[in-house]
Each structure stands twice: as C-alpha cells, then as structure tokens.
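S.K.: Pasting a structure below so you can have a look.
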Amino acid sequence: MSSSDESSHLWIIILVIIAVSASVLVWYQTHLSRKKKRKLVRSWSFTSEGMRVGVFPPAVKAPPTMINTILHMQQCPTKDNLLKFVVQPLLDQDDRFRCIPTEGGLLPCPEDFDPTDLIREIVVQDEEELHKTLNDISLNELELPDGIDRQLPWWQVILVKTQGRFSVKASILLRIHHCLGDGLSLITAFDSSGVLKTKDGQDNESKVSNSLLKKPKGKSPSISSILEAVGHVVTLGASAFDTVPKLRNRETLTSSGTNQVSYFPSVPLSYIKTLKSVSETSVNDVLVCAISHAIAKVCLTDDSDEKKDKCRALMPVSLPRSNTSTMRNQFVMMSADMNVSSTSYKTILDRLQAVNKTTSFLKKSPRAFIQLWMQNNVVSKLPNSFGQQTAHDIFHRHSLVLTNVPGPEQICYFAKCPVDEVHLLFPNVIPQVDLLSYAGTIFGNIIYDPEQLTAGDEFTKAYAQALIDMGTELSTSAQDGISIPKELLQFVKK
C-alpha cells in the first residue's frame, strides 16, 4: 500500500472520529438543556429523599420502602370506578400523586401519561393463592403493566380477583412508595380527596387530621429532658444490641428476601377500649403489652436470662404539622423498651403497667422533636452514606418495628364497594408488626423471616392469649365483668 493511500485512510479515520465526537457533543448538550428545562415541580424533605434513595446501605438488600394497604371486599369494583373514584381524585389531590420522584423532589409526568396505567388486574384461583400473591407483590418494587415502557408516578392500585365461592370476592392492594408520604399523611389524603366514602355517600372524616394539627400538651420540656433527649438520639446507633433470641438474625442486618406474613385475629375495638378504661392505660398500651407478651412466650428460651434479655421496638411517630392537606414525611422512629424480660412481672397486668410507664415517658419526652430536628438540620447536611449507615446501626440493634395506625371509625366505600377488612403490609429488614383500627375492629399482622422466627403462628396465638388474659384478670375489677370476644377464644383453639 502506498504512502498516499495510508495518508487518505488516516484522514478518513480522523474525520470519522471528529464526526462521532461532534454527534456525542450535540447529544450531550441537547440532553443537558432538556434536563435543565425539566425543573422540579416541588422539592421535598431530607426524610422523603432518604425514602426515595433507600434508607439502608445497598448491601442490606432491604425490601422496597413501599406502604402496602390491603382492602378486602365482598364485591368486586370495576376498573372504570377505580379510575373515576380512586385514581383520578388522588391525582388531583397532590403533586406527589401525579409527578415522578427524582433527586430532590418531583418532576412532571410525560404529556402522554395515561392514568389507567396505574391500575393492574390479577386473577387468582383460591384464597391461599390470594394471600401468597399479596405477599409476593408487597416484597417487590412497583412493576409497570405489560406494554408500558416509561415512567409513572410511584404508586399503584392492584385489583386481585378471586374465582369461586370464597369469603373474599376481591382485594385491592394499594401500593404507595414511602417517599410520597407517611402513613397518617396518606390517611388524610384519602379523606381530603374523597376516595373513602361513608354509606350515605359523604366523604369520610377521620380524627387523624385534627390530631396532627394539635400542639403537644403540657409544659415546655426542661433543660435536663432536652439534654437527655439529645444524648439519646446521638448515641442510639451505638447503644447495646438487643439480646432476645428467636425473633431475628442477630449477626447481621441483611434481608433474606423470604419474608412471611402471619395475621393476628381481628379484635373488636370496644373490647380493647374496655381493657384500657379498666386498667387506666391506653389502647396503644394494651396492644403493645400483647406483643410484648407474645415475644416473651415464644422467643425467650429456657436458658434466657430474664434480667438481662433486652428487646426494643422502633415505633414510627408522626409529628404535628401546620397543614395536613399537603403530603409529607414528618415522622421519626422512636426506640421503646418492650418490657419482655423482667422477673417482676408476676401477672400480665404488671407487664401492662410497665408498658404504660414506658409509653408515658416517651409521650412527655422531647426525643421525637429533637430527633426530627437532627434529621432535618444535621444528618441532612452530611453525605447520604452517613444517614444510611446510621439507619443500619439503629435497626441492627433493635428487635422489631411496631406501628399502630388509627383508621376510619365506620365502614367506608372504595370505588363504590364496601370495605370489610383493612391490613397494612410493610416488609422490613427486621420483623414488623402492623396494627390498624378500622370500623370498630383492630386488624394486624407480623412480617418476619421464617428462618429466624420459626413459630409465626404460635406468635399470633400468644398475642390473642395475652388479650384474653388481660380481660380475665381485669374482669374482677370491672363492675359488670368483661366479656371475652369469641374471635379470640376461637383463634387460640385452632
């Protein structure tokens, strides 16, 4: 080959490189300009951004931070009614429902966004498959419907239909990413948007909105209590590890991806309120005591040191806000002793009073407000990896997450169909107990790793037995005695 040919080939290669480089540069500038034009519709808090990115380091392999709400119905709502009475009202309610989460806040949806893409339909054969399907879906990220290859808002309505003669005709799995808002914020959004209707067609009005607007009662916290709260918050990630066995993996904080759900029996709220009144405690105290009793009965081994075994729960606490019409994440995870191992508990009522003492202290303590301030003003200024590691260290030292959410007080209609039962499913890196009151009944479940807590069914029975025992012992103090609900008696006999 002549030198002239080699020279021409060299020039061709140079020209190709220049052309490719120019094309890449033009593409980059165009992409950059488009990105700049896509301004945020709304920015959001450090907590919401943390939920979007991921609460824990990637090595933890944590389940998606998704709030899964299950509605069981005797009637099957139509897709048209789901669109008209659920999807569209929520889209109109708040930016977080109609936009796409991104770094620092929300971007607008594509112009060709179709609201029907937020609805999925699944048909199952029997009740066993129904529960398995709901459990499996709750462990995964949001899935786009078949044929959809673009981004959607981070929430979804899944209609699961059952075939045959079952007690449950249809279930709605409402999946909302936690970065959009906390649990109580979602309840107020449902109220404000009119998604939940009463029998006479009126919008449901829960007491949640009013409770979130209330300022804390009592005197301002003392200097000593503020210093105690600061010390507690700063050192929580370095506190001693819980020691109660058989509940979770103590060696590492890594999700196995094999979570299982066991359901507690449904309990009349009136019964819990009776126990509360006679014992002079609270509804939350009664339920926490039942969980504490179940842990003590199922998880403590014969060689457990009852004086030293330590078990704490992380309890989500939503804090007052100036405006409940806007979706947000304004909550903290409060550490609470579960009082499972003291030898001083001769009866379950002794345990109940110990729980009441713990919760009364937490209600008066400024820990929650100090923790929220630290999250928003200190941790938010540090690298994201610091916040993730802090969450890792705190969760690794605790035994479970326990949440109790007050729901509507009467039967509500969802897409024009009455809702019989409501359950929360929130898979986590440690066992999670979700309790929710709805229409005069308390529903609940525990989500756990079956390789660690091998007696999930025994745990739910121990919870039921604890509520029976409290009723039996308090009955002597009640003027007319206390009638034990048949739901509990039947459950422990299974």
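S.K.: Which order do the peptides 408-419, 428-439 take when ranked by the mean count of other beta-carbon atoms within 10 Å per residue, highest first?
M.R.: Listed from highest to lowest mean packing, they are 428-439, 408-419.
S.K.: At 7 Å along the Cα-to-beta-carbon direction for both F241 and L382, put a label point, then send me their distance in nm to one decimal.
M.R.: In this crude spin-label approximation the distance works out to 2.1 nm.
S.K.: Taking only the alpha carbons of the stretch 392-494, what extent do you get along each of the three principal axes, in Å, biggest first?
M.R.: 49, 41, 27
S.K.: Need one number: nm distance between label points at K199 and E409, each 7 Å from Cα along Cα→Cβ, rounded to one decimal.
M.R.: 1.6 nm
S.K.: So if we plug the beta-carbon distance of K346 and E103 into 1/(1 + (r/R0)^6) with R0 = 60 Å, what FRET efficiency do we get, rounded to 0.05?
M.R.: For K346 and E103, the calculated efficiency is 0.60.
S.K.: Now for a separate question. Give me the distance between the Cα centres of the stretch 264-291 and the stretch 436-491, rounded to whole Å.
M.R.: The stretch 264-291 and the stretch 436-491 have Cα centres spaced 9 Å from each other.
S.K.: Same structure again: Sort 282-289, 121-128 by packing, meaning the average of other beta carbons within 10 Å per residue, with the highest value first.
M.R.: Ranking the peptides 282-289, 121-128 by packing returns 282-289, 121-128.
S.K.: Which net charge results for the neighbourhood of E103, defined as the other residues with beta-carbon distances under 10 angstrom from its beta-carbon, given Lys and Arg at +1 and Asp and Glu at -1?
M.R.: Neighbourhood net charge equals 0.
S.K.: When the convex hull of the Cα atoms of the stretch 67-116 is projected onto a plane and the area is averaged over all directions, what value comes out in nm²?
M.R.: Averaged projected hull area, Cα only: 4.6 nm².
S.K.: Right, something else. Taking a ≥ b ≥ c as the square roots of the eigenvalues of the Cα gyration tensor of the stretch 68-197, is the shape rounded (a/c under 1.5), prolate (a/b larger than b/c) or oblate?
M.R.: Because a/c hits 1.5 or more and a/b exceeds b/c, the stretch 68-197 counts as prolate.
S.K.: Could I ask something else about it? Would you mind working out the magnitude of the charge dipole of the stretch 356-494 relative to its Cα centre, with +1 at each Lys and Arg C-beta and -1 at each Asp and Glu C-beta, to the nearest 20 Debye?
M.R.: Approximately 540 debye in magnitude.
S.K.: Quick one: with all protein chains in place, what share of the accessible area of the stretch 281-423 is carbon or sulfur, to the nearest percent (1.4 Å probe)?
M.R.: With neighbouring chains kept in place, the figure for the stretch 281-423 is 52 percent.
S.K.: Looking at this model, which pairs from K364/K493; K246/K346; K79/K494; K61/K273; K79/K276 are more than 31 angstrom apart at the alpha-carbon?
M.R.: From the list (K364/K493; K246/K346; K79/K494; K61/K273; K79/K276), the Cα-Cα distance tops 31 Å for K364/K493; K79/K494; K61/K273; K79/K276.
S.K.: Applying 1/(1 + (r/R0)^6) with R0 = 25 Å to the Cβ-Cβ distance of Q389 and I226, what FRET efficiency is obtained, to the nearest 0.05?
M.R.: Here the calculated transfer efficiency is 0.45.
S.K.: Separate question: Sticking with the crude label model, points 7 Å out along Cα→Cβ, report the distance from Q151 to T78 in nm, one decimal please.
M.R.: 3.5 nm
The values are calculated or read from the model by the stated rules, or taken from the named source; none is laboratory data. As the structure is a computational prediction, the values presented were derived from the model and not from experiment. As a convention, Cβ positions derive from the backbone with ideal geometry for all residues, glycine included, and neighbour counts pool all protein chains shown. Ligands, DNA and RNA are stripped out before the accessible areas are found, and what is left, the full protein with its side chains, is counted by its heavy atoms. Shrake-Rupley method; radii C 1.70, N 1.55, O 1.52, S 1.80 Å.
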